[in-house]
Amino acid sequence: MKNKFYIFLIFVFVSINCIANDTIAFSCKQRKISFINPGFEIELPLHRKSTFVINPGIGYNISYPNISDFTSSGWLYLIAPFIDLQYRYYYNLDIRNKKGVFSPNSANFISLKGLYRGNALKSNFSRTTDNDYSISLNWGLQRIKNKTYYNFNLGPMYYLDFIGNSGVFLNIEFNIGRVF
């Protein structure tokens, strides 16, 4: 009789845990490969609704005013290695869960993003230094469906180089990738 009672208790606790996981939104660890700006992204949970994203890669970027030459014109591009670090707070996980469209880390977010761009592999303009940094406060959204993710974020960005040139610019990012 005692054994049946213990089995019943274990069944109840496992059931409650499964129900809780279905009704409480949370962030989880994810590994992703980005295609538009090729990179390997790791998203680590910090709290129930927040994550830290590490994304090294080689990608396309544009010229920032004040840290590039002014003699170039037209569409200016830069292909360079980068490291993108982001703290994300997913603010509508619970709302999406209540609507029945929940999947982990698939929600709107506010983020603080730091970006380092290294030496150019290919570029049609000159920068004042080979490396630069930026920090931005972004609003974004990320959706994950069938292991494919879509990420869009934008916000004001402050950028600088090693010799003190700096400025403010609009950060706009769109990426598609695969979650594995």
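Derivation of every value follows stated rules applied to the coordinates shown; laboratory data play no part. Since this is a predicted model, take the numbers as computed values, not measurements. No Cβ is skipped: glycine too gets one built from the backbone with ideal geometry, and neighbour counts run over all protein chains shown.
Quick notes
- For His47 and Phe180, a Förster radius of 30 Å and the Cβ-Cβ distance give a FRET efficiency of 0.80, rounded to the nearest 0.05.
- Length available on full extension from Leu137 to Leu85: 0.36 nm per residue minus the Cα-Cα distance, which gives 17.5 nm.
- Spin-label pair Phe162-Tyr60: with each label point 7 Å from Cα along the Cα-Cβ axis, the two points sit 2.8 nm from one another.
- Karplus-derived HN-Hα couplings along the stretch 143-157 (A = 6.51, B = -1.76, C = 1.60, θ = phi - 60°), whole Hz, x at Gly and Pro: 10, 10, 9, 6, 6, 9, 10, 10, 9, 9, 8, 8, x, x, 10
- The stretch 26-179: radius of gyration and largest Cα-Cα distance (Dmax), Å: 16.4, 54
- Loop-located trypsin sites (Lys or Arg not before Pro) in the stretch 87-180 (DSSP state other than H, G, I, E, B) with a sparse environment of at most 16 neighbouring Cβ atoms within 10 Å: Lys99, Lys147.
- Shown for the chain: lysine pairs separated by 8 or more places, or found on different chains, whose C-alpha atoms are under 15 Å apart, numbering 4.
- Residues listed by number, the stretch 48-85, amide nitrogen under 11 Å from Thr129 label point at 7 Å toward C-beta: none
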